[in-house]
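Step one of this worksheet: look at the structure below.
The values are calculated or read from the model by the stated rules, or taken from the named source; none is laboratory data. Computed from a predicted structure; not experimentally measured. Note that each Cβ is placed from the backbone with ideal geometry, even for glycine, and that neighbours are counted across all protein chains shown. In case anyone asks, the SASA skips ligands and DNA or RNA and just uses the protein heavy atoms, side chains included. Shrake-Rupley method; radii C 1.70, N 1.55, O 1.52, S 1.80 Å.
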Amino acid sequence: MDILISGVGGQGTILASKILANGAVTDGSKRARTGETIGMSQRGGCVVSHVRTSDTYSPYIPAGGADLLLSFELCEGARNLPMLKKGGTAVINTAKINPVTVSLGASVYDEEKITEYIKSNCKAYFLDADRLAKKCGSLKAVNVLLVGTAFGLGLLDISKTSLYAAIKNNVKPEFYKMNIKAFECGENYALTLKG
Amino acid sequence: MKQVLLGNAAIALGAVTAGVKVVSGYPGTPSTEVLQTVAQNNINKKIYVEWSANEKAALEVAAGASYCGARSMVTMKQVGLNVASDPLMSLAIVGIKGGMVVLVADDPGPISSQTEQDTRHFGEFANIPVLDPSSPEEAYEMAVYAFDLSERLGLPVILRPTTKVCHASGTVDVIDTVYEYEPEGFVKDPGWVIFPPLSYRRHLEIERQQPEISYEFDNISFNLIRGTGKKGIACGGVTYAIVSDVLNELNVPENDVMLLKIGAVFPAPSGLYEKFLKSVEKALVLEELDPVIETGLFHTLALKRMTTPVSGKLDGTVTPAGELKFDNLKKYICDFLGMTINEKNSIKSMELPARPPVLCAGCPHRASFYAVKRAMKGRKHVSCGDIGCYTLGNAKPLEMTDTCLCMGAGITIAQGIKRIDAETDVFAFIGDSTFFASGMTGVANAVYNNSNINIVILDNSTTAMTGHQPHPGTGKTMMQTESPKIDIGAVIKALNVGFTTRVNPFDLDAAAEAVKEAADYEGVSVIIFEAPCIAVAKPEKAVTIDGCTGCMRCIKEIGCPAMHTDNGRVSVDDALCYGCGLCIGICPGKKIRRGDSC
Ligand code: SF4
Ligand code: SF4
């Protein structure tokens, strides 16, 4: 399975990709590969993580190849939509992070148009994950919350036990409980999304 | 044990497995995590790990340890090797004793670098072997092998991953045992002292070694031939992995294409090249950056008087610059195999607002740049930048970086500009880590040569851009010990700078005043702006805006990413605001207040 995670530098996309890759390997995937964005873009630029649990050579998903797009931010979801397969699914955090270019008036962030574009091109689930994460204790947990949502929607072929083990191995012990809470919150919210 | 590891972590653990005893380096994307991972896995502090002042210092520290028979590794990014090339070139001549790996990460694109230079050339230049991994898994194996190879040859070995191996993760089978040995210590020998006659003798010896290494590389598992077709594709690095995926997607049978994969790239495995060129009717070379494998193939063609047609970068078939991504590679391969590309019915992209990286909300550099900008309003001035987060000061609305070349260049470029453009106030901005890495020489040059420039040292108590490493000014080491902090002000004083002042850039009035004084001073002046990076400081409460009139002054002047506009009014995002207070002094109507005051 090929999963693309997109967001804005600083949102913690790398942790989500680690959890998915580690979870898949614990489940017995022969191998998992990820490709991260580390560097200048982490200062508020566009970041993506590729996660591949199938038996490919390269960690990088070709354009139009992702089964699932997990976007931490609305506009970044739209930016990476062409990475999705025709018929692929997107889980999108509707919380906006305005690029400075928008605040300075050099460009426009048209939420409606962006949402419409996403809806008309794939099967998409939208949720305000920032708000939900804050309710769980910290905006920082938005990454694990979105993983929980994708899991709750039945979009991941990784078991819950393995995901929990991966969370345990990758977050500080004092944040484990809060992250599990965020995962469950995402998972439960998925039920309302499924309708 | 199988672990999902970042390429850089895999290299680090490979070095640990191989019994590395000293690891030194200077931070630089995409290499940084190698040294950090060694430090994190340094059980009982058996390995000595340091961030050095710069790459040259790092390479020499590692070389000294190797002279004593210890296995050592030095880590850096590709442009770092330019700084360390002086010791490297000589070290190749003098040779080493304990296996020594020079880890140099290349950055095709470039994604986070000034240049996309190809380190494989350095191997050729210095006559030392180069290994080029195609995946994190292979990077681990190569790291283990590189120490052994280096020790056998008595030569340093370059391990050269690229960004897409460094920052990819794979499932690595990590060996649990560590190679054990006791280094002999330094044994005096005339061979450690480089002199012209010795250089000549060693040069002959190194040239004698080359065919032996080449032969080893003909037969090593990192180099291989797959498939049996009459059309050959040669590739290396991550391109091998992507090419393999492309061939799978195109369902090309193994007996249609012969794939030559090169991981041990220098000295060229010419025996394997010959075998490949003899087996195929034509060949295409796909490699990122320079045509190194391709040139090697041409050498073999010429020496063996063969005529197999080879296309790639040299005949213009393949783009000379940038990364080779899946879609480009697919196109090259389809053209080569005479296949037509079935256009996938893909999702069309949409025009979206650009999102360039920016200085963080609360970043002290924003305040420093703004202070200089404000002080220089109406005066002709040039801002020479340098390498670090503060390179981002070039963006709107600050626009305070007019030049940026390489580490430490701001201070010296400024001197050249001032010689010609005497009427302009010239500023050079440099961060604390960059100052220690390569800024001090520039200051000495300015003082000695009676320059009239203004040096702004942005002291944020960390090496921020690469992920907040300690440096000589912080007094923290990678061995978790403390060392005496080197005071930048004291260094400046010792360099005999005529005008020095230290000020907190968030104290906007005092900061702007200091800048004016410095600019008016005839001679070298130094302003040290002291305020920590938000990653090493505790945040204050977010500011509040009450009754914004919509003048947009704050946004237009400083462009803090925590500020947004909604219906012509500015609001602050609590989660992003660091409460630095810079915007408070800018709002003409005094509508912005500290969070804790209400
Ligand atoms: S990491 Fe630190 S120095 Fe870099 S932009 Fe952010 S606050 Fe500024
Ligand atoms: S106080 Fe003002 S300038 Fe500083 S981070 Fe908050 S909004 Fe940005």
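Annotations
- Restricting the stretch B:438-463 to residues that are part of a helix (DSSP H, G or I) and surrounded by 18 or more Cβ atoms within 10 Å (Cβ to Cβ) leaves a set whose member that is farthest from ligand 1 (Cβ to nearest atom) is B:Ala446.
- Being within 29 Å of A:Pro99 (Cβ to Cβ) and away from ligand 2 (no atom under 13 Å from the Cβ) is a condition met by at least one residue of the stretch B:522-530.
- Some residue of the stretch B:370-380 being aromatic (Phe, Trp, Tyr) and either farther than 26 Å from B:Ile584 by Cα or within 14 Å of another protein chain (Cβ to nearest Cβ) (or both): no
- Residues within the stretch B:464-475 that are within 14 Å of ligand 1 (Cβ to nearest atom) and either of a type in the set (A, V, I, L, M, F, W, C) or on the phi > 0 side of the Ramachandran plot (or both), tallied: 4
- Some residue of the stretch B:547-559 being within 11 Å of ligand 2 (Cβ to nearest atom) and open to solvent by 20 Å² or more (accessible area, probe 1.4 Å): yes
- A:Tyr57 meets all of the listed conditions (1) within 30 Å of B:Gln469 (Cβ to Cβ); (2) assigned to a loop (DSSP other than H, G, I, E, B); (3) open to solvent by 20 Å² or more (accessible area, probe 1.4 Å); (4) at the interface with chain B (Cβ under 7 Å from one of its Cβ atoms) but one, namely (1).
- Search result, residues across the stretch B:306-353 that are touching a strand residue (DSSP E or B) at 6+ places or on another chain (Cβ under 8 Å) and facing chain A (nearest Cβ under 9 Å): B:Lys344, B:Asn345, B:Ser346, B:Ile347
- Picking from residues in the stretch B:402-437 that are closer than 13 Å to B:His381 by Cα and part of a loop (DSSP other than H, G, I, E, B), the one that is least open to solvent (accessible area, probe 1.4 Å) is B:Thr424.
- Evaluation of B:Val536 against the conditions (1) away from chain A (no Cβ under 14 Å); (2) surrounded by 19 or more Cβ atoms within 10 Å (Cβ to Cβ); (3) more than 8 Å from ligand 2 (Cβ to nearest atom); (4) within 23 Å of B:His468 (Cα to Cα) shows that the sole unmet condition is (2).
- Residue in the stretch A:165-178 that is within 30 Å of A:Arg31 (Cα to Cα), among the polar types (S, T, N, Q) and either open to solvent by less than 70 Å² (accessible area, probe 1.4 Å) or in contact with a strand residue (DSSP E or B) (Cβ under 8 Å, 6 or more places away or on another chain) (or both) present: yes
- Scanning the stretch B:161-186 for residues that are touching a residue at least 60 places away in the same chain (Cβ under 8 Å) and away from chain A (no Cβ under 14 Å) returns B:Ile175, B:Asp176, B:Thr177, B:Val178, B:Tyr179, B:Glu180, B:Tyr181, B:Pro183, B:Glu184, B:Gly185, B:Phe186.
- Verdict on B:Ala321 being within 30 Å of B:Ala535 (Cβ to Cβ), touching an Asp or Glu at 6+ places or on another chain (Cβ under 9 Å) and either within 16 Å of ligand 1 (Cβ to nearest atom) or not hydroxyl-bearing (Ser, Thr, Tyr) (or both): no
- Boolean, B:Thr466 is modelled with pLDDT of 95 or more and either assigned to a loop (DSSP other than H, G, I, E, B) or not charged (D, E, K, R) (or both): no
- With respect to the conditions (1) in a helix (DSSP H, G or I); (2) open to solvent by 10 Å² or more (accessible area, probe 1.4 Å); (3) within 16 Å of ligand 2 (Cβ to nearest atom); (4) within 14 Å of chain A (Cβ to nearest Cβ), B:Thr391 falls short on a single one, namely (3).
- Any hit, the stretch A:8-28, residues being part of a strand (DSSP E or B) and either within 18 Å of B:Leu6 (Cβ to Cβ) or facing chain B (nearest Cβ under 10 Å) (or both): yes
- Within the stretch A:30-49, the residues that satisfy the criterion of being more than 8 Å from every other protein chain (Cβ to nearest Cβ) and either at pLDDT below 90 or open to solvent by less than 20 Å² (accessible area, probe 1.4 Å) (or both) are A:Val47, A:Ser49.
- Restricting the stretch B:560-584 to residues that are small (Gly, Ala, Ser) and out of contact with any Phe, Trp or Tyr (no Cβ under 9 Å at 6 or more places or on another chain), the residue that is surrounded by the fewest Cβ atoms within 10 Å (Cβ to Cβ): B:Gly568
- Scanning the stretch B:558-579 turns up one or more residues that are over 23 Å from A:Tyr109 (Cα atoms) and in a loop (DSSP other than H, G, I, E, B).
- Only one of B:Ala241, B:Ala234 that is open to solvent by less than 10 Å² (accessible area, probe 1.4 Å) and either on the phi > 0 side of the Ramachandran plot or not in a helix (DSSP H, G or I) (or both): B:Ala234
- Screening B:Lys46 on (1) open to solvent by 20 Å² or more (accessible area, probe 1.4 Å); (2) touching a residue at least 60 places away in the same chain (Cβ under 8 Å) shows it passes everything except condition (2).
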